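**Q** Sharing a structure, written as structure tokens. Questions coming.
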Amino acid sequence: MALTNNPNVLKWLDEMIALTTPDKVVWIDGSEEQLKALKEEAIATGEMIELNQEKLPGCLYHRTEPNDVARVEDRTFICSRNKEDAGPTNNWCDPKEMYAKLTPMYNGVMKGRTMYVIPYTMGPIGSVMTKVGVELTDSIYVVLNMDIMTRMGTRAFEQLGDESNDFVRGLHSKANVDPENRYIVHFPEDNAIWSINSAYGGNVLLGKKCFALRIASYQGKNEGWMAEHMLILGIENPQGEVKYITAAFPSACGKTNLAMLIPPEIYKEKGYKVWTVGDDIAWMRQGPDGRLWAINPENGFFGVAPGTNENSNFNALESTKKNTIFTNVAINNDDMTVWWEKLDKNPPENATEWKGAKVNGKEYVAEGNKLAHPNSRFTAPAINCPCISDKFNDPQGVPISAIIFGGRRAKTAPLVYQARDWQHGVFVGSIMASETTAAAAGAVGVVRRDPMAMLPFCGYHMGDYFQHWLDMGEKLGENAPKIFNVNWFRTDDEGNFIWPGFGDNMRVLMWILDRCEGKADAVETAIGYEPKAEDINIEGLDIDLEVVKGLLDVDKDLWKEDAAGIEEFYKKFGDRLPKELKAELETLKKNLD
Ligand code: GTP
Ligand code: SPV
Ligand code: MN
């Protein structure tokens, strides 16, 4: 039984059924009974493993192919009609050519399988910011993840209505999970996403990176709003006032952790609290009051498991205690619970590592192996999070006071600095660089430019994207959030992180908020405003003022090297690089002399 009368949905669905020829088509209404039956089926076929239902109620385990454990940037395409519209940072192919190449691969691909029709929204039901997607997939794992990550089911068709054509068409088949024929393809002008031969997270949960960033960034440019790779958090002061901040860090660089941080004792005892609105994606637009407002389009967290523990991210760990799907972590066979690196110091002896081999976990780890894949993840419902914001489902979203950029830099970038104004802030975001992580296939630890943490996610020409940022600043005027840059990852000569990070990052956020309220001083440096070292509160930490001074140090030689790298990077954008950014680069070079 069709769940909608919308002719645009029905016509497209008919075409996709004719192409992929599934044995059966199942409409996902989102009901408890339907989800329960799907879980049982996935457990029966071995696609999912049931975990200890006393210790981890409602939790399931899933393992992907070893060649299919992360996003694949070299197989991700933006197929705009004009090559220039995809820009120099995206893989491009002519849409006609790409459809012609993929169509035979989808031809009959669901024969012998069931097609699940998943209606979902990105954003709270009823918000003017919310958008609808429909994903067709042959994977129960996708259905169960989409249930956690989005608002899924009949209510999404209600949001769409019977006439609208404004929905993103997602077609996914795991096919044979063949890495040589894996494609993650976006057709921004058709509102369409085709994903094939993967069964992993960001490649197949099409509401997330594919829609909510790549397609949505393109829509945002055309419609005057922004789709960003940003967490959203609220900081409540002892008077009960909450200020909201967004932060863009590249994949596996600390968004989930910052979004859920637990304030250090010195702030907790005064009554400060942190509330999570989102941990990965923010959609932002100017509100009726002129300020910038943000919603989190997602409904759950697809978070990095390794490194998550009671001390580093208590709230994330708590979020995974029920109704969570674990992907590519290790299993403790004694009690069917899960384990990953740094969860605790006791790898299970009777373990199954992420590829599925039974091992003695203690010995295995002692020999230098990893029990969980470095990009293993949990999919946890946002409502599980102890510090979820009461504005999480608010259709208005939250007003943003500050925007933070940041990456993983062993050197060069200081602990924190503030942009002189919005235009300079856009420059600061555009020159972001970060060491690559396991979140994408390929080398790890290589510094690359990743503007606004959007390099793998911007669905159009990045020069136009910079211009869109400048235009938004123009529109926001005096109401524009203040822009900052942070770096938690500076290392000493032995390669150890100098800054304690995690909850202690609150100390930096407090300076940022004070700056927004005109309550803190700053020193002007070649790269922007920095705090006076004594204005970063280090009470209760075992680092001293000298260490903070070191973390704030701007090494002009390193920055000159960086400026040369930026100049090289900017050349890619040709005449689509806004002249304002070129001017900012000249100012930086002058300041460094
Ligand atoms: P995506 O989900 O891939 O977009 O990543 P994310 O930005 O949400 O990253 P996440 O918060 O999951 O952090 C990734 C890794 O960085 C984890 O292993 C964390 O333990 C580690 N990490 C996070 N914050 C800090 C920090 O302040 N300092 C240090 N040293 N490590 C951190
Ligand atoms: C990221 O890589 O930035 C993620 C995980 O948040 S994925 O959904 O796989 O893209
Ligand atoms: Mn991400």
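**Q** Summing Lys, Arg as +1 and Asp, Glu as -1, what charge do residues with Cβ under 10 Å from the Cβ of Ser198 carry, Ser198 excluded?
**A** +1
**Q** While we're on this one: Using the Cβ atoms and a cut-off under 15 Å, what net charge is assigned to the surroundings of Arg63, where Lys and Arg are +1 and Asp and Glu are -1?
**A** Its environment carries a net charge of 0.
**Q** What does DSSP give for the chain in terms of the percent of beta bridges that are antiparallel, rounded to the nearest 5?
**A** Around 65 percent of the beta bridges assigned by DSSP in the chain are antiparallel ones.
**Q** Among 282-289, 448-455, how do they line up by average Cβ neighbours within 10 Å per residue, starting with the highest?
**A** Descending mean neighbour count gives 448-455, 282-289.
**Q** Got a sec? Charge dipole of the chain, +1 on Cβ for Lys and Arg, -1 for Asp and Glu; which of Gly254, Ala282, Val142 is way out at the positive end?
**A** Working it through, the farthest residue towards the positive pole turns out to be Val142.
**Q** Charges only on Cβ, +1 for Lys and Arg, -1 for Asp and Glu: so what's the dipole of the stretch 164-291 about the Cα centre, in debye to the nearest 20?
**A** Computed charge dipole of the stretch 164-291: roughly 100 debye.
**Q** Averaged per residue, what accessible surface does the stretch 303-384 expose to a 1.4 Å probe, in Å²?
**A** Spelled out: the 1.4 Å probe surface of the stretch 303-384, per residue, equals 43 Å².
**Q** Right, something else. Computing the accessible area with a 1.4 Å probe over protein heavy atoms, can you report the carbon and sulfur percentage for the chain?
**A** Heavy-atom surface of the chain belonging to carbon and sulfur, 1.4 Å probe: 47 percent.
**Q** Sticking with this one: Return the long-range amide H neighbours of Asn323 (sequence gap of 5 or more, or a different chain), with a cut-off of under 5 Å between placed amide H atoms.
**A** The answer is Gly58, Cys59.
**Q** Could you work out how far helix 95-106 tilts from the main Cα principal axis of the chain, as a 0 to 90 degree angle to the nearest 10?
**A** Helix 95-106 sits at roughly 50 degrees to that axis.
**Q** Let me ask something else about it. In degrees from 0 to 90, rounded to the nearest 10, what is the angle of the helix 506-516 Cα long axis to the longest principal axis of the chain?
**A** Computed tilt is about 70 degrees.
**Q** Give the long-range amide H neighbours of Leu343: residues separated by 5 or more places, or on another chain, with amide H under 5 Å away, using H modelled in the peptide plane at 1.01 Å from N.
**A** It is Gly307, by chain and number.
**Q** Compute the FRET efficiency between Lys11 and Glu494 as 1/(1 + (r/R0)^6), taking r as their Cβ-Cβ distance and R0 = 45 Å, and round to the nearest 0.05.
**A** 0.15
**Q** List the residues, sorted by chain then number, that are 5 or more residues from Asn299 or on another chain and whose placed amide H is less than 5 Å from its amide H.
**A** Answer set, sorted by chain and number: Thr150.
**Q** Report the per residue volume, in Å³, of the convex hull enclosing the C-alpha atoms of the chain.
**A** Residue-normalised Cα hull volume stands at 148 Å³.
**Q** Skip the ligands, DNA and RNA, and give the accessible area per residue of the stretch 485-593 with a 1.4 Å probe, whole Å².
**A** 51 Å²
**Q** Spelling out what I want: for every residue of the stretch 175-186, take phi, set θ = phi - 60°, compute 6.51 cos²θ - 1.76 cosθ + 1.60 (Karplus), and round to whole Hz; glycine and proline get x.
**A** Working through the residues one at a time gives 6, 9, 6, 8, x, 6, 10, 7, 9, 10, 10, 10 Hz.
**Q** How much mean residue ellipticity at 222 nm does the chain get from its helices, if each DSSP H run of length 4 or more adds -39500 (n - 2.57) and you divide by all residues, to the nearest 500 deg cm²/dmol?
**A** -8500 deg cm²/dmol
**Q** Here's another thing I want to ask about it. Step through the table entries Lys131/Lys355; Lys208/Lys571; Lys101/Lys208; Lys549/Lys590; Lys270/Lys411, compare each Cα-Cα distance with 29 Å, and write down the pairs that go over it.
**A** Lys131/Lys355; Lys208/Lys571; Lys270/Lys411
**Q** Which whole-number value in Å² is the accessible area per residue of the stretch 48-191, probe 1.4 Å?
**A** Computed with neighbouring chains in place, this is 37 Å² per residue.
**Q** Here's something else I'd like to know. Work out the charge dipole of the stretch 303-384 with +1 on the Cβ of Lys and Arg and -1 on the Cβ of Asp and Glu about the Cα centre, then indicate which of Ala382, Trp340, Asn323 is farthest towards its positive end.
**A** So the residue furthest toward the plus end is Ala382.
**Q** Could you bin all the Cα-Cα distances of the stretch 303-384 into 5 Å bins starting at 0 and give me the percent of pairs in each, rounded to whole numbers?
**A** Percent of pairs per bin, in order: 3, 17, 28, 26, 16, 7, 2, 0.
**Q** Where does the charge balance sit around Tyr116 when Lys and Arg score +1, Asp and Glu -1, over other residues with C-beta under 10 Å from its C-beta?
**A** Residues close to Tyr116 contribute a combined charge of 0.
**Q** With both partners inside the stretch 118-226, how many of the DSSP beta bridges are antiparallel, as a percent to the nearest 5?
**A** 55 percent
**Q** With θ set to phi - 60°, apply the Karplus curve 6.51 cos²θ - 1.76 cosθ + 1.60 along the stretch 37-54 and write out the HN-Hα couplings as whole Hz, x wherever there is a Gly or Pro.
**A** So the Karplus estimates, Gly and Pro as x, are 5, 5, 4, 4, 5, 5, 5, 4, 7, x, 4, 10, 10, 7, 8, 4, 7, 8 Hz.
**Q** Residue by residue, what Karplus-based ³J(HN,Hα) values in Hz, rounded to whole numbers, does the stretch 496-504 have, using 6.51, -1.76 and 1.60 with θ = phi - 60° and x for Gly and Pro?
**A** These are the phi-based 3J(HN,Hα) values: 7, 5, 7, 7, x, x, 6, x, 5 Hz.
**Q** Return one number: the angle in degrees, 0 to 90 and rounded to the nearest 10, between the long axis of the Cα atoms of helix 7-20 and the longest principal axis of the Cα atoms of the chain.
**A** For helix 7-20, the angle is close to 70 degrees.
The values are calculated or read from the model by the stated rules, or taken from the named source; none is laboratory data. Here the structure is a predicted model, which means the values were calculated and not measured. We place every Cβ from the backbone using ideal geometry, glycine too, and count neighbours over all the protein chains shown. Side chains included, ligands, DNA and RNA excluded: accessible areas come from the protein's heavy atoms. Shrake-Rupley method; radii C 1.70, N 1.55, O 1.52, S 1.80 Å.
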